[in-house]
Structure formats: structure tokens, C-alpha cells
Amino acid sequence: MGDVLVEKLIWFGVFFLIFLSFRWLSKSSEPNKSREIHRNDTPIRQPPKTRVISPTIEETVNFAIQNGKDLYIEYQNYNGELSTRRLSNLSLNNEYSGYHNAHVKAYCHKRNEERNFKISRISRAQIVD
């Protein structure tokens, strides 16, 4: 009778170990809720590529500044969205130095306030007569 009891205990131990290993395997495949890292599914915003300032746009902007003219521009913001704006009282903004960082400070009629515009993001510029 002692041998039968030992044999039953061994079989019980084997089944118990198998049961524990299945539980451990099933839990390890599930993410731990307390340690789960939540990721935002929105794409990471990439900065726009460096743009070279078009000589004709730069000439048009400089002409408008020197002659006190208004400009119609097509402007692409940091997110790549295009908008058309009318600018008045243009001046070069010296706060941003460097070739690719040239900015124009102007009154924006769309926003009804003074704004800064990066010249390399202006895709079109036209003098207002």
C-alpha cells in the first residue's frame, strides 16, 4: 500500500508540474497589464526636408520689403499644410540667422496679427498691386 501511495503522489506531482508549466506558458504570452507599454498609433511627425530658397521668391520678397508692397504667398507650414496668405508691412526678421533660416516678419491678413514666415517654406510669392 505504501508503494501505491508513493506512485500516486509521483503521478500527482507530474500532473501538477505539467499544469503549472501550461499556466506559466499561457501567462508569459499575455502582456502584463501592470507593465504594458501603451503606444500611440499616430505616425511620428517627421520634420520637413531642408528646402533651398528659390531665387525668384527671394527676389520677390526683397522687392516687396524694399518698396513697401504687399504680398500674396502660398505657404507650407511645418506639418506640410498649404495655405494662401496676404502679407503687409514686411521686414526681414534677424532673430533667425543662417541661410536656411531666413524669416520674414509681416502682418498676416488671414490671422489678423503679425507673424513670422520662413522664406524657404514659401512656394509662391506675388506682389499685390
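Within the stretch 62-82, the set of residues being part of a strand (DSSP E or B) and surrounded by 12 or more Cβ atoms within 10 Å (Cβ to Cβ) comprises Asp70, Leu71, Tyr72, Ile73, Glu74, Tyr75, Gln76. For the criterion of being outside any strand (DSSP E or B) and under 17 Å from Ile57 (Cβ atoms), Ser120 passes. Mind telling me which of the residues Ala102, Ala125 ends up being surrounded by 18 or more Cβ atoms within 10 Å (Cβ to Cβ), modelled with pLDDT of 90 or more and not aromatic (Phe, Trp, Tyr)? Going through Ala102, Ala125 in turn, just one is surrounded by 18 or more Cβ atoms within 10 Å (Cβ to Cβ), modelled with pLDDT of 90 or more and not aromatic (Phe, Trp, Tyr): Ala125.
The values are calculated or read from the model by the stated rules, or taken from the named source; none is laboratory data. This is a predicted model, so every value here is computed, not measured. A quick note on method: Cβ atoms are made from the backbone with ideal geometry, for glycine too, and the neighbour counts reach across all protein chains shown.
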